[in-house]
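Structure first, commentary second.
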Ligand SMILES: C[S@@+](CC[C@H](N)C(=O)[O-])C[C@H]1O[C@@H](n2cnc3c(N)ncnc32)[C@H](O)[C@@H]1O
């Protein structure tokens, strides 16, 4: 297996199909409903999507009648699909580590599951702060570290689940979740994603140090609808 890491270009078409057909269960039943439940009033507001990918988030946000939406993402193929799918909005290939916008340009920044791919989160928050108006709001989501807090290891031909500690007196258990660290995930379809996961406290500290006020925080859970069996989702 030698697939490229974070190769969103190769998976853009497939991801767009899966998201628009409700086939990404964790997004449909957990992350997106949580994001919607935390939206501020965005009617008539200027919105920046950071790490928008193929930008299906426009469907959710456009319901609330914003003035404009601009999306930015590293993946050229994703931006190409976004432009075709949502022609009323603007999309650019770009890096969240250097947002190509003026100071005080946006009322609202929405960033779903993207900052988790970036190691230098401090720089991302600095960039967001710069392009946001004084009373602006950022809403973002990131992988929860508990997702990676247990791992199966083979020790003397026996499988164990390990959780919790890092370092210590000779025992180096995998899967600690209180630090900011690299995590590689290999999915069934061979997509390889690299994330830099961190506990909520890590995000809070960075946000506060960069001048933000933390107004709300949620850990997502599945909505009731996920209990209705849909055969298309049983893969
Ligand atoms: C899991 S996808 C999320 C896409 C979309 N926000 C959604 O929720 O469906 C993560 C996206 O972050 C983008 N990304 C990763 N690092 C980035 C960076 N430094 N600057 C801009 N986009 C980045 C990837 O190209 C990818 O499209």
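Being over 13 Å from the mean Cα position of the chain (by Cα) and within 11 Å of the ligand (Cβ to nearest atom) is the filter here; which residues of region 125-145 pass it?
127
Within region 182-200, can you find the residues that are without any contact (Cβ under 8 Å) to a residue 12 or more places away in the chain and within 19 Å of the chain's Cα centre (by Cα)?
Result: 185, 187.
Considering only residues that are surrounded by 10 or more Cβ atoms within 10 Å (Cβ to Cβ) and in a helix (DSSP H, G or I), look in region 206-228 and name the one that is modelled with the lowest pLDDT.
Residue satisfying both the conditions and the ranking: 226.
Working only within region 119-137, note down all residues that are in contact with a helix residue (DSSP H, G or I) (Cβ under 8 Å, 6 or more places away or on another chain) and either crowded, with 19+ Cβ neighbours inside 10 Å or without any contact (Cβ under 8 Å) to a residue 40 or more places away in the chain (or both). It would help to see each step written out before you state the result.
To start, the set of residues in region 119-137 that are in contact with a helix residue (DSSP H, G or I) (Cβ under 8 Å, 6 or more places away or on another chain) comprises 121-122, 124-125.
121, 124, 125 - these are the residues of region 119-137 that are in contact with a helix residue (DSSP H, G or I) (Cβ under 8 Å, 6 or more places away or on another chain) and either crowded, with 19+ Cβ neighbours inside 10 Å or without any contact (Cβ under 8 Å) to a residue 40 or more places away in the chain (or both).
With a cut-off of at least 3 residues that are free of Cβ contacts under 8 Å to residues at least 24 places away in the same chain and surrounded by fewer than 18 Cβ atoms within 10 Å (Cβ to Cβ), name the strands (runs of 3 or more DSSP E) lying wholly within region 1-106. Break it down into steps so the answer makes sense when it comes.
Values: elements: 46-50, 68-73, 90-93.
Here the list reads 90-93.
Here is a list of conditions, (1) near the ligand (Cβ under 9 Å from one of its atoms); (2) surrounded by 20 or more Cβ atoms within 10 Å (Cβ to Cβ); (3) free of Cβ contacts under 8 Å to residues at least 24 places away in the same chain, and residue 114 meets all of them except one; can you say which number that is?
(3)
Given the conditions (1) over 25 Å from residue 5 (Cβ atoms); (2) more than 9 Å from the ligand (Cβ to nearest atom), report the number of the one that residue 80 does not fulfil.
(1)
The values are calculated or read from the model by the stated rules, or taken from the named source; none is laboratory data. Everything numeric here is computed off the predicted structure, so don't read it as measured data. Here Cβ is always computed from backbone atoms with ideal geometry, including for glycine, and neighbour counts include all displayed protein chains.
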